[in-house]
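Heads up, the thing below is written out as structure tokens.
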Amino acid sequence: MRDGSHQESGLSKSVWSDADFVEMGWHDATVHGLSVQPTDDILPRLLFDLDYIVRWVHPVPPATHFSFWVSPATLVFEDVFDLEGDLDFTGLALDLELDGIHRLVPDDARENFAHVPLWHIDGHAFELKFRASGFRQYVRRAPRLVSRQALSPAERGSCAFTERGFG
């Protein structure tokens, strides 16, 4: 486990990037915090503190519900611009849960930015779209096998934006 892998959960490393995008999935990941961080450069960074579901485990009869290998993680998008979004917290629930993250080819005529992907974060009660040069995701702790898709505060610790993988 010194290299940030966790054999039992199937996690092969603790630091991921946009080069690994096709291998990753964020469906039902819970967002605990969001930060726009200024940099010394012109463009800021967008950080998420989330519970990343490393693997869904099918129930073994007589069990009828999935279990989940889950880790607290920091997702960091670099060089962010054109950020826009929607929040819809009608009702009592204030949960931010992801449906997915999509990398799109931008459809605009700005030649200088044609190489910068458009990211679409689709949530169950929110949506964000922005341009960013790429991302890194830091799995901060070894995955835990739990019966729900998010960790309790005792299991995950407080909200954090630590940019270091475990191991």
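The values are calculated or read from the model by the stated rules, or taken from the named source; none is laboratory data. The structure displayed is predicted, hence computed values, not measured ones. FYI the Cβ positions are ideal-geometry reconstructions off the backbone, even for glycines, and counts take in every protein chain you see. Quick note on the areas: whole protein, heavy atoms, side chains included, nothing else; ligands and nucleic acids left out. Shrake-Rupley method; radii C 1.70, N 1.55, O 1.52, S 1.80 Å.
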Original post:
Would it be correct to say that G134 is more than 30 Å from F66 (Cα to Cα), crowded, with 16+ Cβ neighbours inside 10 Å, in contact with a strand residue (DSSP E or B) (Cβ under 7 Å, 6 or more places away or on another chain) and modelled with pLDDT of 95 or more?
Top reply: yes
Original post:
In the set A142, A73, A125, which member is among the aliphatic types (A, V, I, L, M), touching a Phe, Trp or Tyr at 6+ places or on another chain (Cβ under 9 Å) and crowded, with 20+ Cβ neighbours inside 10 Å?
Top reply: A73
**OP:** Considering only residues that are in a loop (DSSP other than H, G, I, E, B) and acidic (D, E), look in region 1-47 and name the one that is modelled with the lowest pLDDT.
**Re:** D3
Original post:
Is region 57-65 home to any residue that is open to solvent by 30 Å² or more (accessible area, probe 1.4 Å) and touching a strand residue (DSSP E or B) at 6+ places or on another chain (Cβ under 8 Å)?
Top reply: yes
Subject >> Of all residues making up region 132-161, the number that are in contact with a Pro (Cβ under 7 Å, 6 or more places away or on another chain) and more than 17 Å from L50 (Cβ to Cβ) >> reply: 0
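Are any residues in region 92-112 open to solvent by 60 Å² or more (accessible area, probe 1.4 Å) and either at pLDDT 95 or above or hydroxyl-bearing (S, T, Y) (or both), and if so, which ones? Give the steps one after another, and end with the answer.
The first filter runs over region 92-112 and keeps only residues open to solvent by 60 Å² or more (accessible area, probe 1.4 Å), leaving 92-95, 99, 102-105, 107-112.
Of everything in region 92-112, those that are open to solvent by 60 Å² or more (accessible area, probe 1.4 Å) and either at pLDDT 95 or above or hydroxyl-bearing (S, T, Y) (or both) turn out to be D99, H102, R103.
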**OP:** Could you tell me whether any residue of region 30-42 is more than 14 Å from L83 (Cβ to Cβ), acidic (D, E) and open to solvent by less than 80 Å² (accessible area, probe 1.4 Å)?
**Re:** no
**OP:** Output the residue which, of all residues in region 145-158 that are open to solvent by 70 Å² or more (accessible area, probe 1.4 Å) and among the hydrophobic types (A, V, I, L, M, F, W, C), is nearest to W69 (Cα to Cα).
**Re:** L145
Original post:
Which number in (1) without any contact (Cβ under 8 Å) to a residue 12 or more places away in the chain; (2) in a loop (DSSP other than H, G, I, E, B) marks the one condition that A160 misses?
Top reply: (1)
**OP:** Please determine, by comparing only the residues of region 66-91 that are modelled with pLDDT of 95 or more, in a loop (DSSP other than H, G, I, E, B) and not charged (D, E, K, R), which one is farthest from D20 (Cα to Cα).
**Re:** F66
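If you take the residues of region 113-122 that are part of a strand (DSSP E or B) and open to solvent by less than 40 Å² (accessible area, probe 1.4 Å), which of them is nearest to I53 (Cα to Cα)?
The first filter runs over region 113-122 and keeps only residues part of a strand (DSSP E or B), leaving 118-122.
With open to solvent by less than 40 Å² (accessible area, probe 1.4 Å) added as a condition, the list becomes 119-121.
On the way: W119: 20, H120: 19, I121: 16 Å.
Selected residue: I121.
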